[in-house]
Amino acid sequence: MAKSSEPYWEVRNSGIHNSGVFAKRKIPKDTPIIEYIGERISKKESNRRCLEWEEKARKKGEGLVYIFDLNKKWDLDGNVEDNPAKFINHSCDENCEAVNDDDRIWIYSKRTIEKGEELSFDYGYNLEHFMDHPCKCGAENCCGYIVAKENRRKLKKILKSKKRKEEETHAKTKQARQARKTKQAKTNNSPKKPSEKQRKPKRTKVS
């Protein structure tokens, strides 16, 4: 499909995260909306930048989805000023997808997108360090974290197991606390053993 000369999109404030990209008009399904441009870098440099950004992301709580895989030799770093596509946010119910079209990354619509809708796609994060990337997309099927769709079922199992362990720990702590209270109550209610002084009758001094 030919790329449209009139932009389908605009950048403005997003309820998901900072800035977002929104549809200026109705966008048909399978439309190439915007090209994701950037700097071509080697795989080695890509790994270096990813590690650097990952550390920053943990400290600031921000996601990083600037680098795309182009081919066996090159990656594309989209963290450049003239790349508005970098503002497209993640969603667990995404309406777009990133497509490698002859070593160029294009954002395509997965379905018909109405005017005013925010554009989104699956960032495709793996499960490693998922706790560092909470998701705020607000979708009904949101799993709570920015994780690739194919990993979300596994993530739900991990979160379910984590919750169960937390509940078990909480229950054990509550039982231990109750046991201490019961023991203390029994101690307070038991008859006190008279002291040696209390057992001896007082002697009256005869004058």
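Within segment 83-141, which residues are among the hydroxyl-bearing types (Ser, Thr, Tyr) and assigned to a loop (DSSP other than H, G, I, E, B)?
Ser91, Thr112, Tyr123, Tyr125, listed by residue number.
Among the residues of segment 10-42, write down those that are aliphatic (A, V, I, L, M) and either touching a Phe, Trp or Tyr at 6+ places or on another chain (Cβ under 8 Å) or over 19 Å from Glu97 (Cβ atoms) (or both).
Correct list: Val11, Val21, Ala23, Ile27, Ile33, Ile34, Ile41.
Only one of (1) surrounded by fewer than 18 Cβ atoms within 10 Å (Cβ to Cβ); (2) farther than 16 Å from Gly124 by Cα; (3) modelled with pLDDT of 95 or more is not met by Arg58, so which one is it?
Every listed condition holds for Arg58 apart from (3).
If Leu127 satisfies all but one of (1) surrounded by 19 or more Cβ atoms within 10 Å (Cβ to Cβ); (2) in contact with a helix residue (DSSP H, G or I) (Cβ under 8 Å, 6 or more places away or on another chain); (3) at pLDDT below 95, what's the number of the condition it fails?
If we test Leu127 against (1) surrounded by 19 or more Cβ atoms within 10 Å (Cβ to Cβ); (2) in contact with a helix residue (DSSP H, G or I) (Cβ under 8 Å, 6 or more places away or on another chain); (3) at pLDDT below 95, just (1) comes out false.
For the list (1) touching a strand residue (DSSP E or B) at 6+ places or on another chain (Cβ under 6 Å); (2) not in a loop (DSSP other than H, G, I, E, B), I need the number of the one condition that Lys156 fails.
(1)
For segment 78-129, give me each residue that is over 22 Å from Gly15 (Cβ atoms) and in contact with a Leu (Cβ under 9 Å, 6 or more places away or on another chain).
Passing the criteria: Asn79, Asn100, Asp103, Arg104, Ile105, Leu127.
The values are calculated or read from the model by the stated rules, or taken from the named source; none is laboratory data. Since this is a predicted model, take the numbers as computed values, not measurements. Because the Cβ atoms are built from the backbone with ideal geometry, glycine has one as well, and the counts that use them run over all protein chains shown.
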